[in-house]
Every structure is written in structure tokens, then in C-alpha cells.
1. Any residue at all in the stretch 288-307 that is more than 25 Å from D35 (Cα to Cα) and of a type in the set (G, A, S)?
2. Where in the stretch 49-154 are there helices (runs of 4 or more DSSP H), lying wholly inside it, with at least 1 residues that are touching a His at 6+ places or on another chain (Cβ under 8 Å)?
3. Going through K171, K156, K151, K163 one at a time, which residue ends up being within 17 Å of A195 (Cα to Cα) and basic (K, R)?
4. Is it the case that the stretch 147-170 has a residue that's closer than 24 Å to V26 by Cβ and either in contact with a Cys (Cβ under 6 Å, 6 or more places away or on another chain) or free of Cβ contacts under 8 Å to residues at least 60 places away in the same chain (or both)?
5. Tell me yes or no: at least one residue of the stretch 101-111 is crowded, with 16+ Cβ neighbours inside 10 Å, over 30 Å from V185 (Cα atoms), over 23 Å from the mean Cα position of the chain (by Cα) and not hydrophobic (A, V, I, L, M, F, W, C).
6. From G330, G352, G334, grab the single residue that is of a type in the set (G, A, S), modelled with pLDDT of 90 or more and more than 26 Å from the chain's Cα centre (by Cα).
7. Residues that are touching a Lys or Arg at 6+ places or on another chain (Cβ under 8 Å) and under 30 Å from E150 (Cα atoms): does the stretch 29-50 have at least one?
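The values are calculated or read from the model by the stated rules, or taken from the named source; none is laboratory data. Small disclaimer: the values here were computed from a predicted structure and weren't measured. Positions of Cβ are backbone-derived with ideal geometry, glycine not excepted, and every protein chain shown enters the neighbour counts.
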Amino acid sequence: MAIQHVFLLLLVCALAEVYEKTNPNVFFLNSQNFDKHVTKKRDKHVSIVHFYRERDSKSKEWAEEINELAKDWQGVYNIAVVNCGANEGLCESQDVKTTPTIKVYPPFPAPVQIYDGEISSKSLNNYSSRFINSFVVELTEENYSTFLNEKPSMPKVILFTEKSGTPTLFKSLSLHFENKMLFGVAKPEDKGLVAKFKVKAYPKLVLYKTSDNKSFDYSGDLKFRGIFDWLNVYAETFVSGGTDAVLSVKPWMNQVVPQLTKQSADDICYKHEGFLCAILFLESAPEDSLTTIIKSLSDKYGSKKDRGADVKFMWLDVNTDRGYFESFEGTSIGQLVFLKHGKRNRYVAHDGKINLAEVSNTIEKIGGGDAKFVNIKGGLPELNMQKK
């Protein structure tokens, strides 16, 4: 009996997927989305792609390192995987001769690289970082005043560090916020700048708004996702002509699951071209357990995450906006829909449970072109104002 149990355990392990479909760290590529999320991003971004088969001899081991890399570096790189067993044509088109293979897709005109180094998250990061371009200015006593005062409407992001060079993470952020923010790196010897921003410890990250002569300190972990989300709030307010008061006037700009109302609609849905608006139909604000699920989904599919469809999540008060809710025919309270807003308003209703696995599956179907959209007859009604 013990031998039988051991055999069954080994069989289960052998049949386990290299990457679970609910994996929140990596992006799953296929022939429908490869060009959109790798080829077209080679204007300035770097992709790392693991080509594998479920039964090849090394991919389960390699997947551990890919996952480790993706936990902290997804966004700096577009870290993705392709199952060649299910995507033979795609692997042939990418000249994958054997599996497993890891390829690095740097910005054009550099050619695609076959990675043949040590399979570790650290080595992959070190190798791929050489391809990251940068718009970061190295600040000195001579140029920092010019940097702070040029383009007054554009926020300045300054990293104070004792280390030499510019961190890969900071270079990548400068690419993501190109034409929205200016990035600079400063050292302890830049005494005028250090004094102006009262730098007492390193590293320190500061956002500065020239027109108001105001600065904002970042207090989270110095990792890509946290910094990106923090900067993105300011990019959407300052760059659009707002002020530092916008965050209090527009609380939805900094909420995990904002309410869709007449005031918030443009900021969280209507003016985000190419995004899906994921709307929860509820009678009251989402509970903490639901918010936690949506936070995980937002981390996976939100702005600039490079994963399939780009999605912004929100909730609608069905009592306040009954007409709006009823325009999504056949849906019910508690359901989630994905709206494509534009000249033709269309939606896909999510029919499963609201959890990471099932909602991810619906989003992947939409991103892969396998979901059927329903047209909203007569257009969307006007939303009501949020109650004070």
C-alpha cells in the first residue's frame, strides 16, 4: 500500500503543470497575443520568454527561477511563457528548435537572443538588464537646477542613492513614464539637491512638482510594482493638469476598487482607450475579501502590466444607477462584466465565480479573441452623481 501511495504521488508530480494557469506572476503567450505583447513592445521594452513542453526534462526546475524573477521584476521586463505543446506553430515561427529554451527579446534593432547562461533569477536579470534603455539624467551640482525647472508642468522623479550607476528598475520606470515625468538620479555629493530635499538616509525616492515647488516622498518598498502604482497616480493627476489636491477631490484615483459614477467615469474607465472596464454590479461597496481578490487581479491585468487584456476594475451601485445596470441585459446583482467603451459599447459577462482563477480565465479568453461581446442596445445611459 505504501509503495502504491508513493507511485501515485510521483505520478501526480509528473503530471503537474509546469506553470499553473492561475499563476499571477507570468504572462501566458499564444499565437493570438504574441505579437501584441512581445513584438510590438520591442520599440523600447525587453521580454524574457520561456518556451517549454509539459514533459520536457528541465522546465519544472527552470519555472521555479522564472517565477522567482517575475515576482519582483515583472514590469521591468515582460516575463512570459509559451507551451510549445499547445502552440507548435508559434514556436516554429520563433525558431525554437528544442525545449526548454529561453529567449530574450530586446528593443529593436538588437536581434533576439538565445539565453544560454546559468538558469537562475539573478543571472537572467543580470543578462537582460544590459538591454534596458534609459531616460534617466545623472544629476550634478551643475545641472540639477536646470533639471528641476525645465518643463514646469511635468513632475520630476529623483532617486537619491549612494550606489554607482543607475538601477535597472529606475531605468525601466523612466521608459514607462516617458513624456509624463522626468527622471534623475542623485548622489550624496550633490549637496545642493540633498539639502533641498532634506535627504538624511539612502536610498530615497522623491517626486517633485516644479510649478508648486512641492515634493512627495515615497515610503513603500523599492520594488517596481509599488513604485509604478505610486507614480501612476501622480502621472494621471499632475500630467492631466491637476494639482496635489486632486487626490482628495478625486478619491477614486487611489482606490483599489473605485465606484463608477458620473464624476469618476472618465478617470477610471471612459478615457482609457484600449482598456476593458471590469464592472462589479453591487448594492454596496465591496467587502474586504472581494477587494483582496480584485487587488490580485489588478496586479495581474492592470495598467502596463503587459499581461493579455488591460483591465481597470470598479463597482457600480445598482440601486443608484439602476438604468445603467439594466442596460447590460441578462446580468444580475453580484455579477462581473467587462465593458469595451467607445462608439460601440460592448460587453462580456463573466459567468463563473469571482476568484483569481475563474476571472483570469475569462480575461485570457477575451485577450485571445475567444469571448463573444454583446452590443448594448441604444447606448449607455448617463451615470448619476456620487452621493456626498
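1. At the first step, the residues of the stretch 288-307 found to be more than 25 Å from D35 (Cα to Cα) are 288-296.
Right, trim to of a type in the set (G, A, S) and you get 289, 296.
Yes - at least one qualifying residue is present in the stretch 288-307.
2. Details: elements: 59-73, 88-93, 121-129, 144-149.
In the stretch 49-154, 59-73 are the helices (runs of 4 or more DSSP H) which contain 1 or more residues that are touching a His at 6+ places or on another chain (Cβ under 8 Å).
3. Residue meeting the stated conditions: K156.
4. Here is the first cut: in the stretch 147-170, the ones closer than 24 Å to V26 by Cβ are 167-170.
Narrowing further to those that are either in contact with a Cys (Cβ under 6 Å, 6 or more places away or on another chain) or free of Cβ contacts under 8 Å to residues at least 60 places away in the same chain (or both): 167, 170.
Checked the stretch 147-170: at least one residue is closer than 24 Å to V26 by Cβ and either in contact with a Cys (Cβ under 6 Å, 6 or more places away or on another chain) or free of Cβ contacts under 8 Å to residues at least 60 places away in the same chain (or both).
5. Yes, because at least one residue in the stretch 101-111 is crowded, with 16+ Cβ neighbours inside 10 Å, over 30 Å from V185 (Cα atoms), over 23 Å from the mean Cα position of the chain (by Cα) and not hydrophobic (A, V, I, L, M, F, W, C).
6. Numbers: G352 fails: more than 26 Å from the chain's Cα centre (by Cα); G334 fails: more than 26 Å from the chain's Cα centre (by Cα).
Criteria check complete, one pass: G330.
7. No: zero hits.
Let's see how each residue does on (1) crowded, with 16+ Cβ neighbours inside 10 Å; (2) touching a helix residue (DSSP H, G or I) at 6+ places or on another chain (Cβ under 6 Å); (3) part of a strand (DSSP E or B):
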{"position": "F313", "(1), (2), (3)": "yes, yes, yes"}
{"position": "N319", "(1), (2), (3)": "no, no, no"}
{"position": "E329", "(1), (2), (3)": "no, no, no"}
{"position": "S332", "(1), (2), (3)": "no, no, no"}
{"position": "N361", "(1), (2), (3)": "no, no, no"}
{"position": "I366", "(1), (2), (3)": "yes, no, no"}
